Amino acid sequence: MPVVLISTISPSGKTNLGPYSLCFPYIIAEKHSMLLISRSTSNTAENIRRSKVCAINFIPYNKKLLKNCVMLGYPGETTEEKMKNNKFTLIPSQRTQEERVPTISYPEIIEEAIQVFESTLDESFPVYSNDITLESHFILSINKIVMKKEWKECLIEGKGFPNLPIDFGYRDNINFWFSKHSTPYAEPIPKEKGNPVHTVI
Ligand SMILES: Cc1cc2nc3c(=O)[nH]c(=O)nc-3n(C[C@H](O)[C@H](O)[C@H](O)COP(=O)(O)O)c2cc1C
């Protein structure tokens, strides 16, 4: 599973960072959105329900940053309490004036992130909330993708691969477990099938 830090705006207007792994593509053609499964009472869930905006920050594999990421995942802390110990660099949302709604304040994003999906709650899907298990499922429309120049170039040239952490989804009452991936190799899409590029996109 991925490891993302979701930034949202707290009721006092401060950026809150919460780590999440249950965050996957949901709609993938024409419109693009992500599914987030969160504890209903997390700061992130409450902030998304109230403010409708968030940013999904894909952090790199770096043990010091992952340690801080796990620290930001300790349940029950307010934004003010936990963000005192935040070690990630926060920079303003990269939305342009035209990409902003003037009445909305957008959360900051993480400078160290390999890519960031600046997103809005897609209210055409009702938020699934289970009052017994206390989980909520959000569909988040991706409004803007912010990607480091070096990784954008690698993507366009089909060369190079960012160092993203893997969460095995296994955890006990003491540890979270992560690993880095081995070097991926490229397996070209068969040319003889004659597929035009848009079938891949
Ligand atoms: C690596 C990692 C992945 C996590 N993934 C999830 C997840 O997918 N869903 C969830 O509800 N909680 C997840 N948690 C626990 C939340 O981070 C935790 O509930 C935390 O309090 C959320 O922060 P927030 O209240 O500021 O949103 C994860 C924690 C870590 C460290």
Total charge dipole magnitude, region 1-136, about the Cα centre, Cβ charges on Lys, Arg, Asp, Glu only, Debye to nearest 20: 420
Candidates per trypsin sites (Lys or Arg not before Pro) in region 18-59, loop by DSSP, up to 14 other Cβ within 10 Å: 31
Label-point gap, in nm, between residue 166 and residue 111 - each point 7 angstrom along Cα→Cβ: 3.1
Reciprocal mean inverse distance between Cα atoms of region 93-144 - Kirkwood radius, Å: 13.2
Modelled FRET efficiency - R0 45 Å, residue 150 with residue 84, Cβ distances, 0.05 increments: 0.90
Listed residue (20, 37, 101) projecting farthest to the positive dipole end of the chain, Cβ model: 20
The chain: calculated mean residue ellipticity at 222 nm from DSSP helix runs of at least 4, using -39500 (n - 2.57): -4500 deg cm²/dmol
Restraint check, 63/87; 14/180; 149/180; 52/82; 148/193, Cα-Cα greater than 24 Å: 14/180; 148/193
Region 1-109: chymotrypsin sites (Phe, Trp or Tyr not before Pro) falling in loop per DSSP and having at most 10 other Cβ within 10 Å: none
Charge context of residue 40, other residues only, Cβ under 14 angstrom, K/R +1, D/E -1: 0
Above-threshold pairs, the threshold being 32 Å between Cα atoms, out of 67/191; 84/159; 64/152: 67/191; 84/159
Chain lengthening between residue 70 and residue 192 when straightened (0.36 nm per residue, less Cα-Cα): 39.2 nm
Low-density loop positions, trypsin sites (Lys or Arg not before Pro), region 76-156 - DSSP coil, at most 11 other Cβ in 10 Å: 84
Contact order normalised by residue count of the chain, Cα under 8 Å, 6+ apart, percent: 24
Lys, Arg +1 and Asp, Glu -1 on Cβ, resulting dipole of region 94-201 about Cα centre, debye, nearest 20: 440
Taking the C-alpha atoms of the chain, convex hull volume expressed per residue in Å³: 157
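Every read-out reported here was derived from the displayed coordinates using simple, explicitly stated rules and does not represent laboratory data. These numbers come from a predicted model, not from an experiment. Glycine gets a Cβ as well: all are built from the backbone with ideal geometry, and neighbour counts include every protein chain shown.
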